[in-house]
Each structure stands twice: as C-alpha cells, then as structure tokens.
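One structure below.
The values are calculated or read from the model by the stated rules, or taken from the named source; none is laboratory data. Fair warning: this is a prediction, and the values are worked out from it, not measured in the lab. Glycine also receives a Cβ, built like all others from the backbone with ideal geometry; neighbour counts cover every protein chain displayed.
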Amino acid sequence: MADEVKQRKIEHVNIALTQDVAAPQQANWSDVHLVHQALPEVDLEEIDTSVTFLGRRLRYPIFMSSLTGGHPDVLTINHNLARAAEHYDVALGVGSQRAAIVNPALTASYSIVRESAPNAFLIANIGAPQLIAQAQHTPFTLAQVQEAIRMIQANALAVHMNSLQEAVQPEGDRRAQGEVAALRRLTSQIELPVISKETGAGVSREQALLLRACGAAAIDIGGAGGSSMSAIEGARAQQQGLEQSQSIGNVFRDWGIATPISLIEAGIANLPLISTGGMRSGLDAARALALGATLVGFGLPFLQAASKGYDELRAVMDEIIAQLKVAMQLSGASTIAQLRSTDVVVTGQTHEWLTLRGFEDQLKGMAQRRWRQLLESGETQTQLYPPCVP
Ligand SMILES: Cc1cc2nc3c(=O)[nH]c(=O)nc-3n(C[C@H](O)[C@H](O)[C@H](O)COP(=O)(O)O)c2cc1C
C-alpha cells in the first residue's frame, strides 16, 4: 500500500507534465468581463495587491495549489515552490500527505517546504476519503492528521474532496458515505482552520452551505476548466491497460461546475474562497477576485515552471502579478477591496447557468455596481463629476 501511494504520486506529476490533462469544455473565463475605465485614476506602480486570508496578511492574493510530495523525485519541485512562496509572501499547499503518513520515510519531500519557507502560509493536505473506512484502509486517526500538520508546521489544513478522481482511479476509494460527519468531527477536534478543497469538479451553493455547517473556515472551490484529475487518472488507467477506468476518465474529463460559476454559487456561504481550476493569467485572477475570491489558486502553471527551475517559476509568478496589476488599473482598482467592488459583467453559458440557478439579481448587481452607486448617491451626475472648468 505504501509503495502504491508513492508510485501514484510520481505518475500524477509525470502525466500532468507530459500529457494534455485539461478540461477544455469548461474553460469559460472569457465569459467574465471587467468593465474598462478609460480614465482609471490609478497609478500602476501604486497598486496594493495585499489581502488578508484566515487572519494572515499576504502580499499577493495567490495560492500555489496543493500539488505534490510523497516521492523523492518531487522534492526539488516542492523546494522551488517553497522558495517562491517565501520570496513573494504567498500561500502554498503541499499535495496529499497520505504517502508520508503511511510511510514516514517520505516525509522529507513535504517537510522541505517549511525548511525553505520559514515564514510562508503553508497548507497541509489530506483527503476526505481517508477520513472514513474504505475497503483497503481504516480511517486516519486524529494523531495521523496532526502528524500531517506538524510535518510542515502548517498554518491551515486542506481536506480535499475528490470523489471524481477516486471513481476513475483503478485502485481508488469508492466509499463516500460518512465524509460529512467525519469532516464535522475533524473541524471540532483541531485548532487550525480547515479549508475544504475540491480538486477540479467545483462546489455548488448547497454544498458550500453544508461545508460551512461542517465547520470549514474557507473553501477552495477547485472548479472545472483546468487540470482534470479524471483525465490524469484516465491516462494512468490507459498505461495499465485498464479499459473501464480509462473510459470513465474520458467521459468525465469535463465533469463538474466551472470555476467562475462555482465561485458565485459558493459565495453564498460567506466564507473566504480560493478560486482554483483553470486560472491561467493575472487577468483570470482579477476576474476571480472581482467575483468574490479572496485567493486565486494556480496548479499546473506553477508545477510546469517549478519542474524546470526556480528562475522559471519566478518568471511565471512575475508575469501573473504584472497582468493582475494591469487588470486592476484598467478596472480603476488600486486595492483588492476596490477590485471586489468594481463592475463585472458575466455573459454566455456562465450567465445562462447562473440565471437558471437563481443568481440573476446578483449578476445584474455586479454588472452595475458603479452605476447604482451614482444613482443611489441621490446626486446628479454633474454634481458628482462636475464639468472641467479651465
Ligand atoms: C499532478 C497533480 C497533483 C495533484 N495533487 C493534489 C493533491 O494531492 N491534493 C489536492 O488537494 N489537490 C491536488 N491537485 C489539484 C490541484 O491542487 C488543483 O486543484 C488543480 O491542479 C487545478 O488547478 P490548475 O487548473 O491550475 O492546474 C493536483 C493536481 C495535479 C495537476
């Protein structure tokens, strides 16, 4: 079992780095538009991108998504990610720590992140399926969960929800009953904030409320549109010649709630949200923040860069930050709080879905924030914006 988990970890990374694992049908950030301000009155160099997440001030609203650990070959990747997290003062997650929980010899590939990022906001990672009894294993004990936290001296614990992945994975955990009760128990037993984290299929409005009731302190919506764990497991199944798992992986490659949709749906829970899943630029990040995200999670772009080297990773991070700042300036936002109250217009299939799900008034409100402010101020436009007198 320990070797199986370890082997799987490296296979995931290798497949993600060498094959197309995207969920293209769901990549709909182009449905989300920030309204251009021709005279933005914001200096690009003065933009403040800092945010507070779970009580901690971070310089950028970026989360380096939970990706890996559990195999000696990924140690360098985690080392590079951690150095960048420390340098930029952003949050960083490690991949599922199950590998080291079942085989402590693999601890180094995780603990390297705290060694390389002594001050960064680090997020431990375990899976909801491991909190309940499965055919092949007993549930994690509280001591094992605490060990995962201690391993990286984490600031928060992510509990990932990955039923789709487990269903495709040939050796996956098939049971899901009891995860709600187990999550509720866990959040009451540990002091650290718990982030409920999807891994590519998104979180609906109703599930977001359920997660809040379970004591989640934040939700990583992990929506569809980016890396597909179904595609990754499907590729593994193909390598093993397991046709049924491969076909499930193909059919469900695009399954789930697209990231922008999930962001609005989960917003109802009023918890800090991380927008992960298909975020591919600083403009995407700005769009997500305008829709209400507190952090924006990037997985594959950082994995690809970190596997090449630290300099490559820094180049990608710099690019994302520069793009985010341009999007903020052109939207007239000099802070993330202002970006969250700027106009954002949602069109296309994203609009259609959200309208059918009852979010029409919210969409209208977001599209008309500035205009309503003008109307509600009770003053005429000319009083607010008096004509320029030479
Ligand atoms: C190779 C690989 C391994 C991953 N392993 C984990 C994991 O162990 N735990 C977890 O919560 N998410 C895991 N994820 C999901 C990512 O955290 C993230 O949600 C996903 O990659 C979507 O973001 P992206 O489209 O920017 O890649 C993994 C993703 C990839 C590509």
Can you pull out every residue in segment 294-321 that is touching a residue at least 40 places away in the same chain (Cβ under 8 Å), under 30 Å from Met366 (Cβ atoms) and away from the ligand (no atom under 14 Å from the Cβ)?
Thr294, Ile321
Identify all residues within segment 273-293 that are under 17 Å from Gly202 (Cβ atoms) and more than 14 Å from the ligand (Cβ to nearest atom); write none if there are none.
Arg287, Leu291, Gly292
Cβ-Cβ below 8 Å, separation at least six or inter-chain, first residue in segment 46-66 and among the basic types (Lys, Arg), second assigned to a loop (DSSP other than H, G, I, E, B): which pairs?
Arg56/Phe121; Arg56/Asn155; Arg57/Ser50; Arg59/Thr49; Arg59/Ser50; Arg59/Asp89; Arg59/Val90
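Given the structure, is Ala237 farther than 26 Å from Ser50 by Cβ, modelled with pLDDT of 95 or more and surrounded by fewer than 20 Cβ atoms within 10 Å (Cβ to Cβ)?
Details: farther than 26 Å from Ser50 by Cβ: yes; modelled with pLDDT of 95 or more: yes; surrounded by fewer than 20 Cβ atoms within 10 Å (Cβ to Cβ): no.
Against the criterion (farther than 26 Å from Ser50 by Cβ, modelled with pLDDT of 95 or more and surrounded by fewer than 20 Cβ atoms within 10 Å (Cβ to Cβ)), Ala237 does not qualify.
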Looking at (1) within 16 Å of the ligand (Cβ to nearest atom); (2) closer than 18 Å to Ala208 by Cβ; (3) surrounded by fewer than 16 Cβ atoms within 10 Å (Cβ to Cβ), which one does Asn270 not meet, given that it meets all the others?
(1)
Could you pull out the residue among Ile274, Ile248, Ile261 that is modelled with pLDDT of 95 or more, in a strand (DSSP E or B) and either β-branched (Val, Ile, Thr) or farther than 18 Å from Arg357 by Cβ (or both)?
Ile274
List the number of the failed condition for Asp220; all other conditions in (1) in contact (Cβ under 8 Å) with a residue 60 or more places away in the chain; (2) under 21 Å from His137 (Cβ atoms); (3) acidic (Asp, Glu) hold.
(2)
Hey, among the residues in segment 8-45 that are in a helix (DSSP H, G or I) and without any contact (Cβ under 8 Å) to a residue 60 or more places away in the chain, which one's nearest to the ligand (Cβ to nearest atom)?
Asn14
Extreme residue, nearest to the chain's Cα centre (by Cα), among residues of segment 128-147 that are surrounded by 22 or more Cβ atoms within 10 Å (Cβ to Cβ) and outside any loop (DSSP other than H, G, I, E, B):
Ala128
In segment 150-198, what count of residues is obtained for those that are of a type in the set (A, V, I, L, M) and free of Cβ contacts under 8 Å to residues at least 24 places away in the same chain?
1
Quickly run through segment 167-208 and pick out the residues that are part of a helix (DSSP H, G or I) and touching a strand residue (DSSP E or B) at 6+ places or on another chain (Cβ under 8 Å).
Glu179, Leu183, Leu186, Thr187, Ala208
Residue, surrounded by the most Cβ atoms within 10 Å (Cβ to Cβ), within segment 175-193, restricted to residues that are among the hydrophobic types (A, V, I, L, M, F, W, C) and under 18 Å from Leu271 (Cβ atoms)
Leu183
Would you pick out the residues in segment 101-127 that are outside any strand (DSSP E or B) and either within 22 Å of Pro301 (Cα to Cα) or within 12 Å of the ligand (Cβ to nearest atom) (or both)?
Ser109, Tyr110, Ile112, Val113, Arg114, Ser116, Ala117, Ala120, Phe121
Which one is surrounded by the most Cβ atoms within 10 Å (Cβ to Cβ), of the residues in segment 199-213 that are away from the ligand (no atom under 16 Å from the Cβ) and touching a residue at least 60 places away in the same chain (Cβ under 8 Å)?
Ala208
Scan Gly249, Gly297 and give me the residue that is within 15 Å of the chain's Cα centre (by Cα) and on the phi < 0 side of the Ramachandran plot.
Gly297
Tell me which residues, restricted to segment 295-316, are touching a strand residue (DSSP E or B) at 6+ places or on another chain (Cβ under 8 Å) and surrounded by 22 or more Cβ atoms within 10 Å (Cβ to Cβ).
Leu295, Val296, Gly297, Phe298, Gly299, Phe302
